[in-house]
Amino acid sequence: MTGEALPFFVYGTLRPGAYNHDRFLAGRTGAGEDAVLPGALLHDGPGYPFAVPGEGRIAGALLTAAPGRYAELLDVLDRLEEPAGYERVARPVVRARDGARVPAWVYVAAPGAPLGPVIASGDWFRRVPGGPRTP
């Protein structure tokens, strides 16, 4: 699965409506659709969340690259996420509209990532005190 042009599952500041979405993804992605990452827990971090394996599920969005922009999108995301404590892995996510399991790239906590408390809701937008943060 690692050589395929997979869609991306985003669950924190890159979700549509969050402050990094337009900053890094505008023009590089098509429309997003709601999805869930099963078998994972959401941890707070230093201004952004981390996904780790666990008995839970994380709310997010499934994004596809705009036509002709896949390599650029992959490069932008790798350069943004890897230095911040993430590693890119292929995982099945569940698309909300039809329940289909879709393989996607997910940036999860790399070893040594600065994990904060678990966000019980599994939804970055519903964390206490709630809502997307702005810089």
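The values are calculated or read from the model by the stated rules, or taken from the named source; none is laboratory data. Given the structure is predicted, the values throughout are model-derived calculations rather than measurements. These area figures cover heavy atoms from the full protein model, side chains too; ligands, DNA and RNA do not enter into them. Shrake-Rupley method; radii C 1.70, N 1.55, O 1.52, S 1.80 Å.
Values computed for the structure shown
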read-out	value
Rg over Rh [alpha-carbon atoms, Kirkwood Rh] for the chain	0.92
Residues with amide H under 5 Å from that of residue 54, placed H, sequence gap 5 or more	40, 41
Translational diffusion coefficient (Stokes-Einstein; Kirkwood radius from C-alpha pairs) of region 72-132 at 4 °C, 1.567 mPa s, in µm²/s	95
Built amide H within the under 5 Å cut-off of residue 65, gap 5+	30
Average projected area [Cα convex hull, region 6-62], square nanometres	4.1
Potential lengthening between residue 125 and residue 87 on full extension [0.36 nm per residue; Cα-Cα distance subtracted]	11.5 nm
Portion, in percent, of the accessible area of the chain that falls on carbon or sulfur, probe 1.4 Å	54
Long-range HN-HN contacts of residue 85 with modeled amide H, under 5 Å	none
Per residue value of the accessible surface for region 1-127 (all protein chains in place, 1.4 Å probe), Å²	48
HN-Hα J in Hz across region 41-54 - Karplus 6.51, -1.76, 1.60, θ = phi - 60°, x for Gly and Pro	10, 9, 10, 5, x, x, x, 7, x, 10, 9, 9, x, x
